[in-house]
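Okay, structure first, notes after.
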Amino acid sequence: MHLLTLIDEAATKFPEQDAIRWGDDRVTYAQLQQQIASVAGNAIRAGAKPGERFLYAAKPNVDSLVVTLGLLRAGLTLVFVDPFSAPDLFNARARLVEASFVVADSLLYLVGHRRLARLRAWRNLNICDYSTVDTAKHWFVGSWLPGLPKGATGVSAWRHGAVDTTIVLPKLDGNADAIIVFTSGTTGDPKGVVHSLATLSANATGFASRFSLQPGEIVYSEPMTLGVVALATGATWVIPKKGEEIPEEVGVLFAVPTEVLQHLDNAESQKKPPRVRVLGTGGAPVLPSLIKRIGAVLGSETLVLAVYGMTEMLPVAVATGEEKLSYSLSGDLLGEHIGDTKVRISADREIEVAGSGLMTRYFGREPSVWHPTGDLGRLDADGRIVMLGRKKNMLIRGNMNIYPSLYEPGITKISGVADAVIVGVPNEYGDDRVVLFVIPADKGADEHRLQLLVEKEIVHHMDVAALPDLIRVIKSMPVSGRSLKRNMTELAALAKALFPDEAATHESIQGKSQ
């Protein structure tokens, strides 16, 4: 039974219950089921065929999500490419998937239009121009705005039409490609994680089971990852809206640690603090300081669940806040694996995972039963996963995984830059401040001038969410050992000194080369 079938079942059982809410905009399960079918029928009438791909970039709200589910019901494959990607990365990813359609917010077309290039450069803003994808038909979400390509079709209205019974919706293969999400990878070798409806369903079932999610409960979360869990179990997915108070009763609140802190600030400002049954968080280390703050704001009755996973498989394992606080041995306790997930430790101590929730493959590559996570770890006496470090150099800021090696080569293309290195400085909640050190090609170069040039040109070589907090020019690269490798310990100390007020009180497991 796949994800869309589970949503149909929820609509049969709870037709009048709200399925999705965003501010005052809401849709019941019965309406959701009807509108999914309407969008699917309109897409097929417009020429869409099962197996075709669409580039997708739309802010989560009732409108965009119903359209997305409808296109999946038509048998199309959603391809998410971050609209704030560096241009080279965006173009490489867009070419790779050969999308038949682009589905994006009309506002993105406006802001990303070539005529506003100077304005974007002035505001240091990098938004991809989706209109340059000239091999695809363009369907936009929202109202018509300037900047839309000629012949672009608005699809928001597709939600509200009557279902055309003359159009037969395809029988969906649960093992066919459903979504492709690009994560890391160099410009010439982008990695697209491919999930099917079956793997998405397995992940949703694993989440719902571990969180004991009940029909009718509120799931308060922005990521679609948790939203589909709510829809598959008959819960109500409430998408946070800026300036809005957290609902008084929440079944599950889920966010990455930095967003959890924002929710806690919001909760403290409310006259009546919300009652949250479960607060789930992940995507970055869940540190004792965060767990204690959750308890102080929401109370001891809120169950804290720290989720370990990645785009390739989410969730893999879960630990309670209490377990993490009481764990006194070395490493970061990630907890017990979920459902039929299998975990093994390779000869070089890398955590490898397998199971029904694992992606089908990376786009364009052969599938593999086991996925190497890039994290180092061990299994304790109770079979729980303990993380010991990272095999690859990676920083985490907010909900963004930042791979320095993805961007450093491109930065050296900036005139006057001989070398570049990206370093993270974690705060007390484990969120990295990102520092870019650049080495001038000319030892006699004006360092201030070079820094200003890098600050101006950096948006052409890095995704917006990965842009450094600070850029500093240093005369030479610190090295160590016979091989003269970068001395990451010295670089980390240089970076840490730039944030004297940061309480970097824990030993970071991020940004370390093993």
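Could you calculate, for the range 285-398, the ratio of the Cα radius of gyration to the Kirkwood radius, expressed as Rg to Rh?
0.99
Rounded to the nearest angstrom and ordered from largest down, what semi-axes does the equivalent ellipsoid of the range 395-497 get from its C-alpha gyration tensor (root of 5λ)?
For the range 395-497, the ellipsoid semi-axes come out as 21, 18, 12 Å.
Using DSSP, restrict attention to beta bridges with both residues in the range 3-172 and report what percent are antiparallel, rounded to the nearest 5.
Once the DSSP bridges in the range 3-172 are tallied, antiparallel ones form about 20 percent.
Over 29 Å between Cα atoms, which of K137/K242; K342/K392; K171/K342; K241/K324; K49/K150 qualify?
K137/K242; K171/K342; K241/K324
Just name one of I422, P440, H460: the one whose Cα is farthest towards the positive end of the charge dipole of the range 419-463 (beta-carbon charges, Lys/Arg +1, Asp/Glu -1).
After comparing all options, I get P440.
With viscosity set to 1.567 mPa s and temperature to 4 °C, compute the Stokes-Einstein D of the range 232-307, Rh being the Kirkwood radius across alpha carbon pairs; µm²/s, no decimals.
The diffusion coefficient I find is 102 µm²/s.
Please state, to two decimals, what the Cα-based radius of gyration of the range 199-390 comes to when divided by 2.2 N^0.38 Å (N = residues).
1.04
What ³J(HN,Hα) values, in whole Hz, does the Karplus curve 6.51 cos²θ - 1.76 cosθ + 1.60 give for the range 443-460 when θ = phi - 60°, with x put for Gly and Pro?
Once rounded to whole Hz, the list reads 4, x, 5, 6, 5, 5, 5, 5, 4, 4, 5, 5, 4, 6, 8, 4, 5, 7.
So what's the projected area for the chain, the Cα convex hull averaged over all directions, in nm²?
Over all viewing directions, the chain projects a mean Cα-hull area of 25.0 nm².
With each run of n ≥ 4 DSSP H residues scored as -39500 (n - 2.57), what mean residue ellipticity at 222 nm is computed for the chain after dividing by its residue count and rounding to the nearest 500 deg cm²/dmol?
-8500 deg cm²/dmol
With r as the distance between the Cβ atoms of E301 and K241 and R0 = 25 Å, compute the FRET efficiency 1/(1 + (r/R0)^6) and round to 0.05.
Efficiency, rounded to the nearest 0.05: 0.45.
Return the whole-Å distance between the Cα centroid of the range 381-411 and the Cα centroid of the range 97-152.
31 Å
Just report the Cα centroid separation between the range 450-500 and the range 1-51, whole Å.
Cα centroid to Cα centroid, the span is 47 Å.
In whole Hz, with x marking every Gly and Pro, tabulate ³J(HN,Hα) for the range 219-226 from phi via Karplus 6.51 cos²θ - 1.76 cosθ + 1.60, θ = phi - 60°.
Ordered by residue, 3J(HN,Hα) equals 9, 9, 6, 8, x, 5, 3, 8 Hz.
What residues qualify as long-range amide H neighbours of R433, i.e. H under 5 Å apart, gap of 5 or more or another chain, H built at 1.01 Å from N?
It is V425, N427, by chain and number.
Any read-out appearing in this document is the output of simple, stated calculations on the displayed coordinates, not a laboratory observation. Computed from a predicted model, the values in this text were never measured in an experiment. No Cβ is skipped: glycine too gets one built from the backbone with ideal geometry, and neighbour counts run over all protein chains shown.
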